[in-house]
Amino acid sequence: MSGFLFVVPPFAGHVNPVIGVAEELRRRGHPVAWTGDEGLLARLLPSDAAIHPCEPAPLPPRPDSLRGFAAMRFLWEQVLVPLAVSMAPGVARAVRSAHPDVLVVDQQAFAGAFVAEREGLPWATAATTSAEFTDPLAGLPAVRGWLAEQVARVRGALGVPGVTDPRFSPHLVIGFTSGLLAGDVGEPVHLVGPVPGARSGLVPFPWDWLDPLCPLVFVSLGTVSTGARFLRGCVEAMRSRPWLQAVVVDRGGELRGDVPANVLVREDVPQLALLERASLVVCHAGHNTVCESLAQGVPLVVAPIRDDQPIVADQVVAAGAGIRLRFNRATAAHIGDAVDAVLREPSYWAGAERVRESFQRAGGAREAADRLESLLSA
């Protein structure tokens with residue numbers, strides 16, 4: 001059988017969406033291998049996964065204060081470009097060892113695209129956010145030119161001539177959303193909806209704390225975002241609403257002091273299982289959290305911080321599936337009012353249900369695997 005090599009950056013939010021696709025390919029009999037940060041992959045993938053380490057360079061933390069172009073510049077110059085250069089040798093070794101027929105390359109793992117080009121192998125992009133499909137830089141030619149310079153810089157460092165944007169394979173781009181959120185997309189983009197993979201490891205959680213008769217509000221700012229002020233606002237909003245219960249994810253341990261009895265603060269949670277019980281999600285409009293919530297038909301209150309999050313937040317609002325807040329200005333009163341409005345107004349539930357149905361029609365892991373197999377015959 002023909003083999004596939006998944007190339008992923010050292011970010012959990014970029015690994016989880018493609019685990020289900022890899023498992024579907026394995027179920028069909030295809031050899032599947034992974035290359036990326038060995039420690040992260042060992043923690044996230046099934047115990048029998050074939051992992052080829054590629055030792056990405058240590059990445060600096062991005063200051064929370066960065067917004068707009070400053071945040072983009074830091075992401076590219078300090079994260080994505082060094083990551084591509086440091087990962088390329090390991091990806092090349094993985095190709096020589098695994099002998100894949102097709103590479104499946106995360107949109108932020110540029111090394112996979114460049115190594116595939118150099119080796120003459122077909123490759124598909126795994127787009128774990130839909131923001132790039134909207135062409136957010138259409139009205140910013142100077143920024144677009146600056147990005148082209150960054151890509152050329154990596155190509156020069158790796159000795160791979162060409163003009164293809166490593167974020168978009170000319171063969172196939174798989175997006176983990178639907179047209180109802182992302183809008184119209186053209187070839188070679190195919191939207192398959194979110195793919196809930198079987199994530200390894202069991203996160204302990206006090207399930208008996210949940211009251212099945214009390215609406216559950218799930219609060220999270222993702223795997224990398226922090227925001228103590230916003231999280232405290234969520235806690236205070238719940239304090240004045242004892243008829244609700246809330247699980248608040250505080251990965252940085254920033255919430256200290258008095259927490260009301262109807263709020264449970266945890267550093268890590270089994271998110272997919274909690275979303276099955278949630279009545280509402282309050283989040284930063286991270287693509288994974290948004291799509292995982294809407295896949296359960298759960299409406300949202302979104303407060304985007306930076307990067308793709310404002311675009312994803314606008315998609316939620318346009319679909320009628322939630323309310324948007326300003327992250328830096330949202331108070332406990334603002335958060336509470338938004339929570340009340342979403343829980344009270346049936347239209348938000350209807351909007352979330354329409355998105356859920358669109359995800360189901362998109363095909364999920366089976367559709368993604370079909371598209372990847374088409375590259376073999378091509």
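The values are calculated or read from the model by the stated rules, or taken from the named source; none is laboratory data. Source: prediction; values computed, not measured. So basically every Cβ, Gly included, is an ideal-geometry build from the backbone, and we count neighbours across all protein chains shown. Please note that ligands, DNA and RNA were not included when accessible areas were found on the heavy atoms of the full protein model with its side chains. Shrake-Rupley method; radii C 1.70, N 1.55, O 1.52, S 1.80 Å.
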So for region 250-378, taking the charge dipole from beta-carbon charges (+1 Lys/Arg, -1 Asp/Glu), which of PRO299, VAL317, VAL282 sits furthest toward the positive end? VAL317
Pairwise label distance in nanometres, ASP48 with ARG366, each label 7 Å out on the Cα-Cβ vector: 2.3 nm
Tell me, what is the per residue accessible area of the chain in Å², probe radius 1.4 Å? 42 Å²
Which order do HIS171, HIS190 take when ranked by solvent-accessible area (1.4 Å probe, heavy atoms of all protein chains), largest first? HIS171, HIS190
Against the longest principal axis of the chain, how steep is helix 346-362, in degrees 0 to 90 to the nearest 10, with axes from Cα atoms? 20 degrees
Provide Rg over Rh for region 320-378; use the alpha carbon set for both Rg and the Kirkwood Rh (inverse mean inverse pair distance). 1.29
Value of relative contact order over region 1-93, rounded to a whole percent, pairs C-alpha under 8 Å and six or more apart: 27 percent
Overall dimensions of the chain as given by Cα atoms, namely Rg and Dmax in Å: 20.6, 61
Point-charge dipole on Cβ atoms (K/R +1, D/E -1) for the chain, about Cα centre, debye to 20: 460 debye
Once you place label points 7 Å from the Cα toward the Cβ at GLU373 and LEU272, how far apart are they in nm? 2.2 nm
Two-site FRET efficiency, ASP258 against ARG344, from Cβ-Cβ distance with R₀ of 22 Å, rounded to 0.05: 0.20
What is the gain in length, in nm to one decimal, between ARG28 and LEU210 on full extension, counting 0.36 nm per residue of separation less the C-alpha to C-alpha distance? 61.6 nm
All other residues with a Cβ under 11 Å from the Cβ of PRO170 taken together, and with Lys, Arg as +1 and Asp, Glu as -1, what is their net charge? -3
By the scheme Lys and Arg +1, Asp and Glu -1, what is the net charge of all other residues having a beta-carbon under 12 Å from that of ALA109? -1
